[in-house]
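Participant: The structure that follows is given in the form of structure tokens.
The values are calculated or read from the model by the stated rules, or taken from the named source; none is laboratory data. Keep in mind the model is a prediction, meaning the values are calculated, not measured. Positions of Cβ are backbone-derived with ideal geometry, glycine not excepted, and every protein chain shown enters the neighbour counts. Heads up: the accessible areas ignore ligands, DNA and RNA and are worked out on the full protein's heavy atoms, side chains in. Shrake-Rupley method; radii C 1.70, N 1.55, O 1.52, S 1.80 Å.
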Amino acid sequence: MTNETTPWTKEEFEQKLRDKSRFYHRNHEFHVLMNEGKLDEEAVRGWVANRFYYQVAIPVKDAAIMSNCWDREVRRHWIQRIIDHDGNEEDSGGIEAWLELGDSVGLPREDLLTHKHLLPGVKFAIDAYINFAKQQPWQVAASSSLTELFAPTIHKDRIDNWPDKYPWIDQSKGYRYFTKRLTEARRDVERGLEITLDYYKTREQQEMMLNVLQFKLDVLWTMCDCMWMAYIEKKPPYHNC
Ligand code: AHQ
């Protein structure tokens with residue numbers, strides 16, 4: 001007989017996390033329009049430019065997690081996330097791949113690297129994620145990456161839809177990031193889930209983890225809200241000032 005204080009089994013806990021998939025930003029109308037091919041060129045470029053700040057923030061976030069983690073075994077694995085984005089001698093990395101995506105939609109590298117098109121609300125949401133990782137115990141920050149439980153589908157959406165819906169995008173170099181992320185996300189989720197299912201023991205801690213995941217879902221959803229105002233409503237901040 002389980003009650004409100006009995007901890008969930010690992011299977012039950014994992015299912016509670018997966019039950020939050022309906023709040024994933026794949027369901028935000030901005031991504032719905034994207035997958036239907038209904039974004040204009042400005043909106044696609046705006047999304048690529050704003051997401052670039054998220055991409056360069058990820059290794060900073062992961063380094064913050066590692067700076068709080070004294071477990072060598074965890075760090076030996078977690079460091080791969082930084083390399084996946086920053087690259088190394090063998091692989092130019094995800095940030096370089098995103099710059100190629102920028103190129104393929106007609107955004108100069110300089111525009112991305114200087115964050116010329118970055119919306120204030122997108123920056124605030126992403127900075128909240130970085131600060132969360134700096135301030136929380138490393139296990140809590142690590143578990144907030146588990147929105148990636150739902151990420152493989154969203155990368156597949158782009159790979160499947162963009163070539164037909166956005167023929168103006170140079171396909172020869174635009175999609176390397178998404179294909180690269182398909183395998184990396186699956187590997188990251190395995191490690192993130194292992195840490196999460198082990199760390200949160202009591203029912204109260206498990207319930208707290210659901211709120212941690214909701215916080216990260218809110219970060220991603222808010223980013224889309226800001227881009228909706230700017231690129232769908234055509235009402236960026238101060239548009240009427
Ligand atoms: O490209 C993405 C990525 O590298 C990561 C790392 C992970 C994290 O540590 O929070 N989350 C994440 C995500 C990436 N892409 C997003 C997308 O929609 O393309 C999804 C995002 C996530 O699900 O958190």
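Participant: With 20 Å as the limit, write out which pairs from LYS38/LYS234; LYS20/LYS216; LYS61/LYS234 have Cα-Cα distances beyond it, or answer none.
Facilitator: Details: LYS38/LYS234 14 Å; LYS20/LYS216 11 Å; LYS61/LYS234 31 Å.
Table pairs above 20 Å Cα-Cα are LYS61/LYS234.
Participant: How tilted is helix 176-199 with respect to the longest principal axis of the chain? Cα atoms for both, answer in degrees (0 to 90, nearest 10).
Facilitator: It works out to around 20 degrees.
Participant: Any idea what angle helix 151-165 forms with the longest principal axis of the chain, computed on alpha-carbon atoms, 0 to 90 degrees, nearest 10?
Facilitator: 20 degrees
Participant: Then there's this: With the crude spin-label approximation of a point 7 Å out along Cα→Cβ, what separation in nm comes out for ASP157 versus ARG76?
Facilitator: 3.8 nm
Participant: Sorted by packing (mean other beta-carbon atoms within 10 Å per residue), highest first, where do 25-31, 98-104 land?
Facilitator: On the way: 25-31: 17.6, 98-104: 20.4.
Taking the mean over residues of other Cβ atoms within 10 Å, the ranking is 98-104, 25-31.
Participant: Helix 41-67 versus the longest principal axis of the chain: what angle, 0 to 90°, nearest 10, using Cα atoms?
Facilitator: Helix 41-67 sits at roughly 30 degrees to that axis.
Participant: Would the stretch 1-68 count as rounded, prolate or oblate if I go by the C-alpha gyration tensor, calling it rounded below 1.5 in a/c and otherwise prolate when a/b exceeds b/c, oblate otherwise?
Facilitator: oblate
Participant: Remind me, relative contact order of the chain in percent, using alpha carbon pairs under 8 angstrom and six or more residues apart? Please report the intermediate quantities before stating the final value.
Facilitator: Working: 277 pairs, mean separation 78.5, N = 241.
Over the chain, the number comes to 33 percent.
Participant: May I pose another question? Taking 0.36 nm per residue of sequence separation and subtracting the Cα-Cα distance, how much length would be gained by fully extending the chain between ASN88 and ARG22, in nm to one decimal? Before the final figure, lay out each step's value.
Facilitator: Details: separation 66, 0.36 × 66 = 23.76 nm, distance 3.58 nm.
Extending this stretch completely gives an extra 20.2 nm.
Participant: Still on this model: How large is Rg over Rh for the stretch 54-103, taking Rg from the Cα atoms and Rh as the Kirkwood inverse mean of 1/r across Cα pairs?
Facilitator: So for the stretch 54-103, dividing Rg by the Kirkwood Rh gives 1.05.
Participant: In whole percent, and with a 1.4 Å probe on the protein chains, what portion of the accessible area of the chain is carbon and sulfur?
Facilitator: Carbon and sulfur: 52 percent of the exposed surface of the chain.
Participant: Right, next: Give or take rounding to whole Å, what are the principal axis extents of the alpha carbon atoms in the stretch 123-214, in descending order?
Facilitator: So the three principal-axis extents are 51, 28, 17 Å.
Participant: For GLU190 and ASN211, FRET efficiency with R0 = 30 Å and r from the beta-carbon atoms, rounded to 0.05?
Facilitator: The formula returns an efficiency of 0.85 here.
Participant: In nm, to one decimal, how far is the TYR238 label point from the LYS10 one, both placed 7 Å along Cα→Cβ?
Facilitator: 5.2 nm
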